[in-house]
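Worksheet for the structure shown next.
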Amino acid sequence: MEKKKFKSTVIERRKEALENLESLGIKIYDQLDKGFFPSVEMPSRSLENIHYDPLLRQFILGDRKVRRSARNIRHLKPFTQLVWAAAFSHELTSQRKTSTLRDVYYSAQAYEMTFTDQQESNNIITDLETVLGLSREDFNIFPEERSAVFGDLTIEYTVPGYEGRTLNLTSHPDGVLIGPALTSSEFVKTTADKVIAIEKGGLFTRFIEENVHKKFNAILVLTAGQSPRATRHFIRRLNSELNLPVYIFTDGDPWGMHIAMVIISGSANAAHLRELNTPDAKWSGVWATDIVNYKLPTDPLDDVDIKRLYELQRDPRYKDPLWQREIKTFMKIKKKAEQEAFSRYGLTYIVDEYLPAKLEETK
Amino acid sequence: MSRAYRKKDVGGRLKVAQVTFEEISASDFFYRNRDIAGFTNPSRAIFAAIRELVENSLDAAESLKIPPDIYVRLSFEGEASKETQIYKLRVEDNGIGVPPRHIPSAFGQVLFGSKYKLKQQRGTFGLGGKMAILYGQITTHQPASIISSNGMSRIYMYKLMIDIQKNRPLILDRKVLLNKEQWRGTIVEFCLEGDYLRAMPKILDYFKQTAMVNPYANLTFVDPKGRLYKFTRVTEHMPEPPKETLPHPYGVDVELLQRLIHITPYKNMLEFLINHFHRVGEKTAQKFLDFSNISPSRNPKKLSHEEIVRLMHMLKKFKEFLPPDASCLSPLGEELLKVGVVKELKPEFVAVHQRRPATYAGHPFIIEVGIAYGGEIPKKGAFLIYRFANRIPLLYDEASDVSVRVINDMNWRRYKVASDMPIAILVHICSTKVPYKTVGKEFIADRPEVRREIGNGLRETARQLQHFLTRREHVDRERKRLGVFSKYLPKIAQFSTSLAGKKKPPDIEKLLRSVKKFGEEEV
């Protein structure tokens, strides 16, 4: 029974989402029925209540709570929107359908629950995440897909119409989109022994062409810039369910550095959520010291880059000596380099020389 | 009659004029100077004629304490020139009527019938209907017809013209009819040249605003196109008529002194002062004569011109005269003012305030102020301002009026009032001598005493408006609040029912009721 090979979290999470939504509904229903103004309590997402937890190695919300009550006239509309969003998500999840944030915004109008703008409906969904302690992908609201995965991993779909069907992620040379169907699928088997996450589509394609997945026995993940939460969760599952180490390759600049950091330690925006980060993942390059050591062609850092570096220097997620060293080096050389910069040494140099060296270095 | 006093004012100039022009009659003088009386151009003239006659009619009814019924008809008679036409103007009232022997002089002789007492009167131009009739005669060469009865057995009908050079009435026809139906009132009918189309907006404004401050009057106007404008009374209640008073010593001038000296039967200064001046008793008179070094036994008729001039100056200098009382004034009163504003403007809210009597230069005056908000008052980006003097609307030169200046200087934001709100402001000044700025008598001069009273009145009414606005805002907020609850609570019930997987929605009636009760308490 290949299926049972890995401990799956997919079914569990869906069950949890449905249960949480239903108990929220029952709580509000009972309050109303007893003649009370219904209310819900959730951790405050204000900046003062966001703390870095060194044990979990991610941002978490503190003890401060906010109460959203239907008694308060200013809360009444958002409260109703929240209950609507919960009912809508419950419908989606129980019917195994998916939706996007944009879709939610328009769907509301069918219930005469018009949001004034996209931002308002996004906030309500974030509220719902906070109340339930689940990320929106768990109740089937997905972002626009743009990131992809490629490598020897066989998955089994759980989405309606595809239940039981399997797919090997090497079957399409462009990679497979990390969308709702993939996110909710079970892992069946793999021969890979590592995960390589790549910031840019160009390099992702180059790696596939150069058979990096075979040469390094790796599953390749394209983050396409700052990775969507579904992708972060997917990387975490690769790490925790399949026990694969994760290596991240980004551009050699403060922004690339932070793409890696968000995969590792999560973002402040998602402080109300768990299991999106992969604390053991490694940032393998491009480092500031690589720019020096490999004599890469560079661009000068501009003011925004420098400002960002100072912000990162004070960020608790960056307190590790490696990160601090790289930040200082960036400040010293005042230069940045893209992943493509290795092409000056030939198209395959990055795969033949740089990649093995860095994988070894950050093992 | 204050009107008489003003006539003398002009008469004084007349005397001087005699030196230059020789024999010039009062009628002749006005014929040559008709601008002074408001007959500047064909459109102004037709407005002024209607206004003079309507005001005479209002006075005639009010002097009997009868709610006035006034009917005005203007009918087209023919073309006069490219821009002007000949109209026949007919004004009927239910007033006291004119005694038959006075009819020819009252309508055919300018400056007839002066009294030497003061009380609040309408007449802004001081010439009544005579000027209108004179103007009609000048422009059309047709006689005026006057019908009048005091309600007794006879009705008198006169056809007359004015001999302008001699200032004498020319009676063309006279009839006496039996008054079977005991009709009482006066009908004046004559032709005049004018430009109704141009005058129309002002004339309609005039009727509307007159109706506003005379809510106890029925006004009917039929215009040359046959359109009927009717302003119906909403109350029978009328303000107390003014009492006649003597002139106050601070308010006299040389001309008035000369007139008083001319008619006085008293042979010494002490009695002269006591009997011809307001609030002057024996003690005050004695003190004044000491102060001004005039012998109490001096015969006033023997005073020289220089002594009269000096007397006037001393009267103004003496500090111990008592201030004039206001019994000679007849303000509209807060009740009537409110009724009138509600009737003509149909606002959502109105606040009125009557100030206590005050004086300027020896003349008593009372300011009445009203502020109306919302309802049918249009929003036009600025306040609508209605100005009245002795219950007459002032329709020209608004920008120069002291009321407008005071209104513009007010800090309205303090009262939560913005200029784009639908607001009408009404300012009424009544006085034995309204402080007009110019001979046109269309706007009130900026006297500090008057300015202060208007300001205080406005502030009082603005405070009431502020209360209203605050309260209404509160009620609005509550209504909105209730609306929000009754909009969203059922939805919360609906969504939570489906989320909880229940069949029956929860009972939210209790909750909605509690919101309502809660809301009402706050209102």
Could you check the range A:185-203 and list, in sequence order, the residues that are within 29 Å of A:E340 (Cα to Cα) and not small (G, A, S)? A:T191, A:D193, A:K194, A:V195, A:I196, A:I198, A:E199, A:K200, A:L203
For the range A:15-48, give me the residue count where each residue is within 12 Å of another protein chain (Cβ to nearest Cβ) and among the hydroxyl-bearing types (S, T, Y). 3
For B:Y415, only one of the following conditions fails: (1) surrounded by 20 or more Cβ atoms within 10 Å (Cβ to Cβ); (2) closer than 19 Å to B:D205 by Cα; (3) of a type in the set (F, W, Y). What is its number? (2)
Residues that are surrounded by fewer than 16 Cβ atoms within 10 Å (Cβ to Cβ): find the helices (runs of 4 or more DSSP H) completely inside the range B:176-279 holding 3 or more of those. B:196-213, B:254-263
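The rows are residues; the columns are (1) at pLDDT 90 or above; (2) more than 30 Å from the chain's Cα centre (by Cα); (3) among the acidic types (D, E); (4) assigned to a loop (DSSP other than H, G, I, E, B).
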site: B:A285; (1), (2), (3), (4): yes, yes, no, no
site: B:F291; (1), (2), (3), (4): yes, yes, no, no
site: B:I308; (1), (2), (3), (4): yes, yes, no, no
site: B:K316; (1), (2), (3), (4): no, no, no, no
site: B:P323; (1), (2), (3), (4): no, no, no, yes
site: B:S327; (1), (2), (3), (4): no, no, no, yes
site: B:S330; (1), (2), (3), (4): no, no, no, yes
site: B:E335; (1), (2), (3), (4): yes, no, yes, no
site: B:K338; (1), (2), (3), (4): yes, no, no, no
For the range A:48-64 the number of residues that are out of contact with any Gly (no Cβ under 9 Å at 6 or more places or on another chain) and either open to solvent by 100 Å² or more (accessible area, probe 1.4 Å) or without any contact (Cβ under 8 Å) to a residue 60 or more places away in the chain (or both) is 5
Taking the range B:458-511 as the search range and keeping residues that are open to solvent by less than 30 Å² (accessible area, probe 1.4 Å), more than 8 Å from chain A (Cβ to nearest Cβ) and in contact with a helix residue (DSSP H, G or I) (Cβ under 9 Å, 6 or more places away or on another chain), which one is nearest to B:D409 (Cα to Cα)? B:L458
From the list A:D303, A:D251, which one is surrounded by fewer than 19 Cβ atoms within 10 Å (Cβ to Cβ) and charged (D, E, K, R)? A:D303
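Let's see how each residue does on (1) more than 10 Å from chain B (Cβ to nearest Cβ); (2) under 25 Å from A:S227 (Cβ atoms); (3) touching a His at 6+ places or on another chain (Cβ under 8 Å); (4) among the aromatic types (F, W, Y):
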| residue | (1), (2), (3), (4) |
| --- | --- |
| A:L76 | no, no, no, no |
| A:S89 | no, yes, no, no |
| A:L92 | yes, yes, no, no |
| A:T98 | yes, yes, no, no |
| A:D103 | yes, yes, no, no |
| A:S107 | yes, no, no, no |
| A:M113 | no, no, no, no |
| A:D127 | yes, yes, no, no |
| A:E144 | yes, yes, no, no |
Candidates B:L315, B:L303, B:L345, B:L311, filtered to the one that is closer than 22 Å to B:E460 by Cβ and surrounded by 14 or more Cβ atoms within 10 Å (Cβ to Cβ): B:L345
Any idea which residue in the range B:396-411 is nearest to B:Q209 (Cα to Cα), counting only those that are among the acidic types (D, E) and open to solvent by 40 Å² or more (accessible area, probe 1.4 Å)? B:E398
Looking at the range B:449-457, can you tell me whether even one residue there is open to solvent by less than 60 Å² (accessible area, probe 1.4 Å), within 13 Å of B:V402 (Cβ to Cβ) and touching an Asp or Glu at 6+ places or on another chain (Cβ under 6 Å)? no
Go through the range B:191-235 and count every residue that is of a type in the set (F, W, Y) and farther than 16 Å from B:S57 by Cα. 2
Test result for A:Y310, assigned to a helix (DSSP H, G or I), of a type outside the set (V, I, T), in the same structural domain as A:G225 (by TED's automatic domain parsing) and touching a residue at least 24 places away in the same chain (Cβ under 8 Å): no
Selection over the range A:49-68 where residues are within 14 Å of chain B (Cβ to nearest Cβ) and either assigned to a loop (DSSP other than H, G, I, E, B) or out of contact with any Asp or Glu (no Cβ under 9 Å at 6 or more places or on another chain) (or both) yields a count of 0
Has the range A:152-160 got any residue that is open to solvent by 40 Å² or more (accessible area, probe 1.4 Å) and free of Cβ contacts under 8 Å to residues at least 24 places away in the same chain? no
Within the range B:392-425, track down each residue that is over 20 Å from B:A351 (Cβ atoms) and of a type outside the set (A, V, I, L, M). B:P393, B:Y396, B:D397, B:E398, B:S400, B:D401, B:R405
Report yes if A:S284 is among the polar types (S, T, N, Q), surrounded by 13 or more Cβ atoms within 10 Å (Cβ to Cβ) and more than 30 Å from A:N49 (Cα to Cα), otherwise no. yes
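The values are calculated or read from the model by the stated rules, or taken from the named source; none is laboratory data. In this text the structure is predicted, and so the values were computed from the model without any measurement. All Cβ positions, glycine included, derive from the backbone under ideal geometry; neighbour counts span all protein chains shown. For accessibility, only protein heavy atoms count, side chains too; no ligands or nucleic acids. Shrake-Rupley method; radii C 1.70, N 1.55, O 1.52, S 1.80 Å.
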